[in-house]
2 protein chains.
Amino acid sequence: MKRIKISLDAMGGDNAPQIVVEGASEAMTRYPDIDFVFFGNKTILKPLINNKHNLSSSEIIHTVEYIKPNDKPSNVIRRGANTSMALAIKSVKNQSHAMVSAGNTGVLMGFSKLFLKTISGINRPAIAACFPTKKGEVCMLDLGANIECDKNNLIQFALMGQAFAKIVIGIRNPKVSLLNVGEEEIKGFTYLQDASETLKNLSKIINYCGYIEGDRITDGLVDVIVTDGFTGNIALKTAEGTAGFFTNSLKESLKKSIFSKLGYFLAKKSLEGFRAHMDPRKYNGAVFLGLNGIAVKSHGGTDSFGFANAIGVAYDMAKYNFIEDLKKKLSITTKHLI
Amino acid sequence: MKRIKISLDAMGGDNAPQIVVEGASEAMTRYPDIDFVFFGNKTILKPLINNKHNLSSSEIIHTVEYIKPNDKPSNVIRRGANTSMALAIKSVKNQSHAMVSAGNTGVLMGFSKLFLKTISGINRPAIAACFPTKKGEVCMLDLGANIECDKNNLIQFALMGQAFAKIVIGIRNPKVSLLNVGEEEIKGFTYLQDASETLKNLSKIINYCGYIEGDRITDGLVDVIVTDGFTGNIALKTAEGTAGFFTNSLKESLKKSIFSKLGYFLAKKSLEGFRAHMDPRKYNGAVFLGLNGIAVKSHGGTDSFGFANAIGVAYDMAKYNFIEDLKKKLSITTKHLI
């Protein structure tokens, strides 16, 4: 059985390197066929790793430099080739199957494009991630990599999203929709309508289900939702904001009286399933799809459970040959992408 | 004291005309200085209105035709001049101060543009509405009237939103932001950056606060959020969908055991404030801003409380001279809109 080698940017994220090491250890208990390579300061990392028995065979690549949370991509991409993040990404080319970082998103995107390059047939990589729905999970992309998109970008995103949902959510024939302001054919931008038309003609290789509106994203009717990076970023953040607003308002209300506090105590067990399903740590791990290598972004402020889930995404993509699967689909569809 | 005359499309909406009449009666108890004109089938309307003592002095304009929920705007705009909706809108030009309809949104928008025309200085009208935030309410526009927007559209929307928030939410100097994918100046489309630049230069007439991201819409940091109709529609619907998803999942969880049911019972009173603040009926009443007349769209499926709130929006706009206020601001800023 092929073992999966995963490189970790041990210095990226609000709680690095502790959370990175703890997350790796947690992931190892779930996937014992992982080998980890930690990129970061050996002096700090060594004792942390020694503390975790299941990480004893891990490799450490010593780096002095690292990317800071507020570094501007344009300032550090050229000069940061020896940072823990850059070296972890470069290692995906020759040494490991995937990498995970909880560091600066813009810089990670920049390095990934620079070192991994896009797959032939993909014009631009996109950011994808999964979210909870009434029925399970949905994968959405692009979440912010490309402000402006054309018809071909959307079709490529659809193919990438399909391969991703198949492997990471585990759906055999994922349903794919385009995000739009209505379900009728005449709605939205011309490039959206053109993409929709082409996707209909690709029915042999993609299970395209037409447009979907914003209020149905969480309905679980489809498995992949494709949109441009501007709209996707705003939709994602609006959903996060609304969810946070609801949760906080609810908490405040439940603290109001002794009765509501007691009520909350009684309902707590029943609410656990709800909380577990909504837990953002469960959906941690945004991916730069379309690159010749697997690079996964963890939330900067996550804990070890969240970081382990981001590793899980990288593991699934490497283990189940995401890139080969996507390349196969692309070779069939290239003639449609004009 | 000037009385406010409001025309009602009595035949529009899922539960028309009952809800329209009941909503009017409810609004009348809040604003006794309204005179209503009902447009619709007199035979059905007469007994409903007679049943409400405070509507006894209302006028009824008999119409046979009415717009159906699924009528396509392109099919009915030219031929529907005698429908209850069209006649109610036309009446705003000469007979009344504002109109409210719970009917077909696309047709209402079409008729409004055709009969009321846009205010000089406004290129395109926009749909605006209010939503709950952590601190109160926020007004957002455009929610779907204009798929594509340019710099000038956004600046005009900002001025319209400011006048709207001042009158309908009651904020003396509303804070205005542009929706974007980041808060830094270099983020987003060029036309967004240009609009931002111009709005900064209009600091004497508009309280512009820069960009806002999707996750902060509900934070209550600003009073008006401006965006194009595509993004606005998707953000609005995503928020609605997420809110519905949360509420339903929560309800399901609370039904799970006898303990959680008892818990809910105990917490019920404390949750009432939360529910009241989130109640979508409270925020009913989307407005087509930028027209030479006040046209308010109620949700099609609302009840009398929701419809009364939509009437409340029309009332406030008419009573506190929304259109005159906006025209004044426009005359000062026209030289900046190039």
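The values are calculated or read from the model by the stated rules, or taken from the named source; none is laboratory data. Treat the numbers as computed from the prediction; the structure is a model and nothing was measured. Glycine gets a Cβ as well: all are built from the backbone with ideal geometry, and neighbour counts include every protein chain shown.
Here are the numbers:
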| item | result |
| --- | --- |
| Filter result for A:LYS204 (basic (Lys, Arg) and either modelled with pLDDT of 95 or more or surrounded by 13 or more Cβ atoms within 10 Å (Cβ to Cβ) (or both)) | no |
| Any pair with Cβ under 8 angstrom, 6 or more apart, that starts in the range A:247-262 at a residue that is within 8 Å of chain B (Cβ to nearest Cβ) and ends at one that is surrounded by 14 or more Cβ atoms within 10 Å (Cβ to Cβ) and in a loop (DSSP other than H, G, I, E, B) | A:ASN248/B:LYS134; A:SER249/B:LYS134 |
| Close pairs from the range B:17-28: first closer than 10 Å to B:ASP303 by Cβ, partner of a type in the set (Lys, Arg) and surrounded by fewer than 24 Cβ atoms within 10 Å (Cβ to Cβ), Cβ under 8 Å, at least 6 apart | B:GLU22/B:LYS52 |
| Residue within the range A:91-104 that is of a type in the set (D, E, K, R) and out of contact with any Gly (no Cβ under 8 Å at 6 or more places or on another chain) present | no |
| Selection within the range B:5-23 - closer than 20 Å to B:ALA86 by Cα and more than 17 Å from the chain's Cα centre (by Cα) | B:LYS5, B:ALA10, B:MET11, B:ASP14, B:ASN15, B:ALA16, B:PRO17, B:GLN18, B:ILE19, B:VAL21 |
| Residue that is more than 22 Å from B:ALA310 (Cα to Cα), within 14 Å of chain A (Cβ to nearest Cβ) and crowded, with 18+ Cβ neighbours inside 10 Å, where the choices are B:ASN180, B:ASN153 | B:ASN180 |
| Filter result for A:ILE225 (touching a strand residue (DSSP E or B) at 6+ places or on another chain (Cβ under 7 Å), surrounded by 15 or more Cβ atoms within 10 Å (Cβ to Cβ) and facing chain B (nearest Cβ under 8 Å)) | no |
| Test: B:ASP215 is out of contact with any Ser or Thr (no Cβ under 6 Å at 6 or more places or on another chain), among the acidic types (Asp, Glu) and facing another protein chain (nearest Cβ under 7 Å) | yes |
